[in-house]
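Here is the structure we will look at.
No lab work stands behind these numbers, since they all come straight from the coordinates. The structure presented is a predicted model; accordingly, all values stated were derived computationally and were not measured. We place every Cβ from the backbone using ideal geometry, glycine too, and count neighbours over all the protein chains shown.
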Amino acid sequence: MSTSQVLWLFALIFIPAGAVIGAAAYRKVWQVRALVRRGARAHGVVVRLAATKLEGPGEGGTITFRSSGTTVYHPVIAWTTADGRAMETRTDIARSRDRTLAVGTRVEVRYDAAKPTRWTLPAESSLLWWLFVGIGALFVVIGSGFLVGALRTSGL
């Protein structure tokens, strides 16, 4: 395979992958921000922590690096919608026990009144999602560099 073909291949991998990662992460950022701005408010309480054990890829589990065998916790929050529906929902992001919300912690919940299963905690940062937006953008920039290199080596 020639240098030009390798550069084209890398460009064709990095640019679409970065665009998909960045777009999916930005969609999540946008959804969270929309709920925080326009969502209905409810008060909730952490009723329990749902434990998840991280397993290495060879064990049929999730991705991990040095955390194989580590247990992380998703806070489960009980709250009631404005029309009286009782909800019990689990956060998307798991953390170690000392970094997660403790049982009994009161939280504000913002939710879509038309679809209460779409909800967020305003106190939770969207920093993680912005990180993935940045990673996606970085992939696109790297892929664009490969594309420029491929164009130059092929004489276009």
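Observations, loosely collected:
- Principal-axis tilt of helix 3-38 within the chain, Cα atoms, nearest 10 degrees: 20 degrees
- Label-to-label distance, nm, for residues given as Glu55 and Leu12 (7 Å Cα→Cβ offset): 3.6 nm
- Gyration tensor verdict on region 1-60 (Cα atoms; rounded if a/c is under 1.5, prolate if a/b is larger than b/c, oblate otherwise): oblate
- Gaussian network model of the chain, springs between alpha carbon atoms under 10 Å - residue of Gly104, Gly22, Gly136 with greatest fluctuation: Gly104
- Modelled FRET efficiency - R0 35 Å, Thr153 with Trp30, Cβ distances, 0.05 increments: 0.35
- Folded to 0 to 90 degrees: helix 127-153 orientation relative to the chain principal axis, Cα: 10 degrees
- Computed helical MRE - 222 nm, the chain, DSSP H runs ≥ 4 contributing -39500 (n - 2.57), nearest 500: -14500 deg cm²/dmol
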